[in-house]
Each structure stands twice: as structure tokens, then as C-alpha cells.
Amino acid sequence: MNAMSEHRPLTASKGNGATVNLAVAHRLEAERLIQWFGLAENLPRGEFPWYGNEDGLSLVVTGSGVERAAAGVRCLHERRPGCAWLNLGIAGHGAAAVGTGLLIHRIEDRSTGKRHWPSPTGLKLPGGNLITVSEAETDYAEDAAYDMEAAGFFAAASRLVAPDLVLVYKIVSDNPEHPLAGFRRGQVPLRFGARESEIRTLVAHLRERGSRFVRWHSLPTEYRQLLGKYHFSVTRKSALAKLCRRFTALGLEQKIAVLASKRYHNAGALMAALEAELAGAVAPGGTGSKESAS
Amino acid sequence: MFSAIYFESAVRDHPRTHAILRRYRDLPQIECERYGEIFNRKSQNFRLQKENPALILARKHGGKVLPAPGGYGFDAAGSHYFSHMLNCIYDCRYCFLQGMYRSAHCVLFVNYEDFAAAIEQTLSDPPLPKEDIHRNSCHSARSRRISSSTLPTRSCDSAQDDGVVHLPTGAGEVASGAGQVFYSGYDCDSLAFEPVSGFAEYFVPWFAARSRAILELRTKSTQIGGLLKQEPIPNCIIAMSFTTHAAAARWEHGVPAIDKRLAALRRLQEAGWPVALRFEPLLPDMKPDACGELFEQVFHRLDPRRLHSVSSGLFRMPADYFRNALKLYPDEALFARETRTRNGVVALQHPNEEAWLRQIETALFRHIDPTNYYRCADENTDSEN
């Protein structure tokens, strides 16, 4: 997974569905991302401004606080479901130098005590813990980053996708030596600009993992065709998906194409034909197994 | 191998934790209260995690030594298993672990001394009546996993009573009269992580001092350096699993090549260690000829007369684990095949299963004494076998 550190254009998501959604709290945090990834604002704006490009990358500006972060995630999901999610933003820190970028390993919601554990990525990026607080932290009591959104973001996003596809990356904006009072808003894009390489790496990492995830669960094109040709109950629709996946897993894409081109009396007859074909094909010595015999 | 190290606060100062954290000083090291916070979270994706697994260092609290269900073990009233580690660094597609655990991270319980104390206590306890063990262990997911496994069983009578394991006449004599048996390598590979865990380095000498207790290390690893540095002991059996070359190439990711495993086993055998062979899982696509070739290779390298035991077992998995594995790997041919489910255990269909197995066994018996062999089968398998 470490091979993704070089910058590369995002591959088009059309067809593979490998969409990555970004969430930031403030417009200033979005500025560089909009520029780098060619994101355009989608209108009408609604409660949460959101941006997107044709490569399957979207961004929502949630506003400040846990609840706003969670609501912004849900809102973007309704508009453009993401395979993976990344929260980016600035944060205070008890020890790290200003400008340091941190991939967050542990999130603690100070108000509830609940902890979240973003999965390790294997990327060689500096990491650290984060505490989500309800008001800007000025004491910096712990060797951790402080923000106001990540706990809400992670809780919401990990209900929508596997938590292994949800990451949080923070850039230190203030610390005991450089307290928040002296921080100027105009510095936010500069801090992001200095971490462009890491941010692109994270987006590429999520896109790659998301693409694999989508591929694992993809269905052959015949599935949609068959849904259009016959009437399926909800149960049969699910069973058809399973059958189609079995054909694909066994390397029988051509056979399903042949069967799908025929005409059956109804969905039940089609399913029976698919099942019979599978039963014959997957028996040891059958024609369908793509495993080379031992 | 790992992408991060988590460690419980309770083991922060444990010497093994210190050593492992030093070893992995370049990885993120993340403190947690209990390993379950990470390992048992809902909605995790085992398959995604397997790409970047973490190591979790933890303390095992209860349940350090558990009875093997009835019908298992060298003696039905004296068989136990213990798991110092959860999950495996290898990635065998047929493995039940991917359907059993929510997480692909590896958990290493560093408090070996507490495991040893629990084993000591077990040794001093009177053995449970066989029927109690069976009754106590029949209904949990854990026991379903165990009883659908291939732990070597030497109790012919109970095996036939329960329909769990079929032993040819005489196989039960292999270790008859021995003491209680403790199986490792059930929720993990016993030796694969040895250079880091020092598991065998700790437990083999411990068992050496308790000659009536038997330790079985189940492995596909070639990490035998630690064992070769020790004097062999008769009550530690190294049992190695094999499938055919084609199956190994396709389904066993990250596992040492068969030839390397055989070389390791030969060195152990030559050094005087009791070694055992587990030909499993047998998958329907494995042709008897291919199995025969494997047997030729194996017994060209190993002395069959000095083998502790040989067994085989079909692929099978508790139905709920199979469902989980299928959800994770919908594109996997292994799980797309025709299956049968009996008593909650899924097996792959073979149209002439018994004849096929007999052919494989016939090839095997050209090399070994059948009395030294047993075949594991589905739980509550019909009497046809």
C-alpha cells in the first residue's frame, strides 16, 4: 500500500463506483482541495455546501461541531454515496509542531468518552491520537490533537461504509507555543498547501481500497438486464444477485451471458435454468471451474 | 507484516510488550484499554483489514484453557486447547477464522505465565466426565468451530458414538496411556509468529518438565529455529498441514512452499521431535493423482515409521462462519461451489465423496501404516462414512 505516495490523477469513477467523499468543517479548509481536485460546487447549495468532480470525488463543508459534522456526512451521502470517507481539518495539539500532519489512530469524544479507532493504513505517515471537544481547546493538556468534529464525522461515516474505509487527517494549527489566539484564518490554506502530498496520498489510498471493495462486490451487466426483463420479488432479486456472483466467481461470465440472452417463461424458470447450469458446471470435473486441477 | 501495534494499558509494562514494541518501533503504537475495543467492533471488514493487519498486545483474562469437545483429543476426558493468539499471519482462503472474527488484526496475549498456571491447574484437576465435556461444549460457537475442525482425536469409541471422527482400528493406540493433551495453534498458527512471540520458546520447556502433559503445535510455518535449539521432548508434537500443490498455490497466501515446510519437518524429525501430518482440507477439486504426488514428495522426505500420526479432513466450516466468509469473498470460487449443510456445518459437495476419499487414502496407505491414520469428518456425519 505504500506504493501510492506519488501523485497521480484520480481515475474516473464512472462504472466502477469508487467514490471518495471528503468532509471539512470550514470553507477555508476546502479551498486547496477544491483547487487540487478540480471540484465544482453543486447547486442548489442546501444546508451544507458540497462540491464534486467527475472522478467520483466529493466534498462537503459541514460547519463546526460534532453534530454538524455528522449531519453533513449524512447529507452528502444522500446526494452522492461514497465508498470511502476522509475528514480533513486543522487541529490544536499538546506537543506536535505547527504544520505537522497527523493521520489519526484514535478519536476520543470528550463529551461522551466514546472512542473510535480508524484502521491503520500501512502508509508511512505520522500518526497520533485526537480528542474531539465541544469548545476550542486552549490548555492542550494531553499529547494529542484537539478538534471539534472528528468524533461526529467518524461515527456517522462508519455507519455508512466499513470503518476500514474511513480516515481522519489533521494538520496542527496551534499548540502551547503558538496558541489559538494568535492563529489567523488566512493561514489555513497555507497549512493545507504544505501537506498536499500526504493528502493526495490518502485520497489515492482510499480510492484504491474503495475500488477493490466495489470490484469484489460487483455484479455482471446481465444482472441489470435480467431485472429489466423479468419481474423479481425482493427475495428472488437477492437470490439472482447471489447466482450472478457465483457465475462470476467461477469464471462463467460467458455462460450467464448465453443464458441471459434466452427467453424464459418467468423469473422462476430463469432462476431454475441458472441453478441447473451452476450445478453442472461446478461439480469436480465440470466445465465451469476455473481452478486448475491439482 | 503489520501496519500498527495496539497494546492494552494493562500490559504496557510487560516484558514481552516492551520487546515487541522495541522490535516494531517504526510502526504506530497505540494504547487502548481492552483489545475488544478494536477487535470486536461491529461492521469491520476482515478482508480489507487483512491487507493491513495490526498486532494487538493484550492480557488474556478468563477462559485460558478450554476443554476440547467430546470425541476429540488423545483422551476424550483429557483434551484441551488454549489460544495465546487470535488470528493468523497467513491468509488461507479456506480458513474458518475469516468467518469467525470480525477483525483480521492479530491479538497476542502476552501473559503466558497465566496460561501456564491455568494449564497447571487443569493438570491437577480431576478430568471431567466425558459426557459433561460434550454437554458443556456443544452449544457455543466456539465448540462448533472446534468440533468441526480436525484436531486429532484418539478416542475411537467416543468418536464413533458422536459421529465426529472416524478412526481406523488401532489408531487410538498411538498415544494411548498418555496424559492430558493441550492443543495450540487453533485460533492461530503455533509457530508462524515464533520469532516475535517466543511462544514455543516459553512453552516447550514448560511442557518438558511435565512429561504427562502433551502439547500439540499445529503449524504451516518453517519457523523451527527455536525448537532446534532445544532438546526434543516426546510430549511435544509438531503437526504440519498440507494440501496439494495446486490448492496451496491458489488458496494458501503467504504460506511457506510445501518443499520448505517439508524441509523444516525433516529437520525436526531428524532432530528427534515427534512430527505429525495433517492432509487438510481436502477439497473436491483435488484429484487422487495429485494427492498421490504430494504423498510421494512428503514420504520421500520424511520417515513414515517415525511419524507420530497422519490424518486427513474435508473442508468444512460452521454455517454462520461460511455465510460471513461468503459475504467477504463473493468473488471467490471456493465459496461459489455447491455445498451441503448438515447440523450447522457446511461442506463442499463431491458427487462420489466416499470413493474419492478412499482413492486418496489408498494412495496414502502405500506409504504409511493405516493404524497410524485417522480421518476427521463432519460433526454428526451420517453413518455412510
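The values are calculated or read from the model by the stated rules, or taken from the named source; none is laboratory data. Since we're looking at a predicted model, the values are computed, not measured. All Cβ positions, glycine included, derive from the backbone under ideal geometry; neighbour counts span all protein chains shown.
The test for being away from every other protein chain (no Cβ under 14 Å) and acidic (Asp, Glu) does not hold for A:Asp109. Close Cβ contacts (under 7 Å, 6 or more residues apart or on different chains) running from residues in the range B:237-252 that are closer than 20 Å to B:Ser184 by Cα and at the interface with chain A (Cβ under 9 Å from one of its Cβ atoms) to residues that are surrounded by fewer than 21 Cβ atoms within 10 Å (Cβ to Cβ) and of a type in the set (A, V, I, L, M, F, W, C) are absent.
Within the range B:328-363, the only residue that satisfies the criterion of being closer than 27 Å to A:Ala239 by Cα, more than 9 Å from every other protein chain (Cβ to nearest Cβ) and without any contact (Cβ under 8 Å) to a residue 12 or more places away in the chain is B:Arg340. What do you reckon, is A:Arg68 basic (Lys, Arg) and either closer than 29 Å to A:Pro179 by Cβ or at pLDDT below 95 (or both)? The answer is yes for A:Arg68. Only one entry of B:Ala159, B:Ala175, B:Ala200 meets the criterion of being at pLDDT below 90, hydrophobic (A, V, I, L, M, F, W, C) and outside any loop (DSSP other than H, G, I, E, B), and that entry is B:Ala159.
Looking across the range A:134-167, the residues that are of a type in the set (Val, Ile, Thr) and more than 19 Å from A:Thr100 (Cβ to Cβ) come down to A:Val161, A:Val166. Candidates A:Ser197, A:Ser211, A:Ser173: the one that is among the hydroxyl-bearing types (Ser, Thr, Tyr) and more than 20 Å from the chain's Cα centre (by Cα) is A:Ser173. Can you say whether B:Arg316 is of a type in the set (D, E, K, R) and more than 24 Å from B:Gln98 (Cα to Cα), as far as the supplied structure shows? No: the conditions fail for B:Arg316.
In the range B:312-319, is there at least one residue being within 14 Å of chain A (Cβ to nearest Cβ) and either assigned to a helix (DSSP H, G or I) or hydrophobic (A, V, I, L, M, F, W, C) (or both)? Yes: the range B:312-319 contains one or more residues that are within 14 Å of chain A (Cβ to nearest Cβ) and either assigned to a helix (DSSP H, G or I) or hydrophobic (A, V, I, L, M, F, W, C) (or both). Residues satisfying the criterion are absent from the range A:204-225 (criterion: touching a strand residue (DSSP E or B) at 6+ places or on another chain (Cβ under 9 Å), not in a helix (DSSP H, G or I), not aliphatic (A, V, I, L, M) and not assigned by TED's automatic domain parsing to the domain that holds A:Leu259). The one condition from (1) within 20 Å of the chain's Cα centre (by Cα); (2) closer than 20 Å to B:Arg375 by Cβ that B:Phe295 does not meet is (1).
In the set (1) assigned to a loop (DSSP other than H, G, I, E, B); (2) surrounded by 13 or more Cβ atoms within 10 Å (Cβ to Cβ), A:Arg263 fails one condition alone, (2). Selection over the range A:143-177 of residues that are assigned to a helix (DSSP H, G or I) and more than 14 Å from chain B (Cβ to nearest Cβ) gives a count of 4.
Scanning the range A:100-157 for residues being in contact with a Ser or Thr (Cβ under 9 Å, 6 or more places away or on another chain), polar (S, T, N, Q) and surrounded by fewer than 23 Cβ atoms within 10 Å (Cβ to Cβ) gives a total of 2. Determine if the range B:365-374 includes at least one residue that is of a type in the set (S, T, N, Q) and either within 13 Å of chain A (Cβ to nearest Cβ) or assigned to a loop (DSSP other than H, G, I, E, B) (or both). No, every residue in the range B:365-374 fails to be of a type in the set (S, T, N, Q) and either within 13 Å of chain A (Cβ to nearest Cβ) or assigned to a loop (DSSP other than H, G, I, E, B) (or both).
Restricting to the range A:176-194, name every residue that is of a type in the set (A, V, I, L, M, F, W, C), within 28 Å of the chain's Cα centre (by Cα) and closer than 18 Å to A:Met148 by Cβ.
Result: A:Val188, A:Phe192.
Listed conditions (1) modelled with pLDDT under 95; (2) in contact with an Asp or Glu (Cβ under 9 Å, 6 or more places away or on another chain) are all met by A:Glu135, apart from (2).
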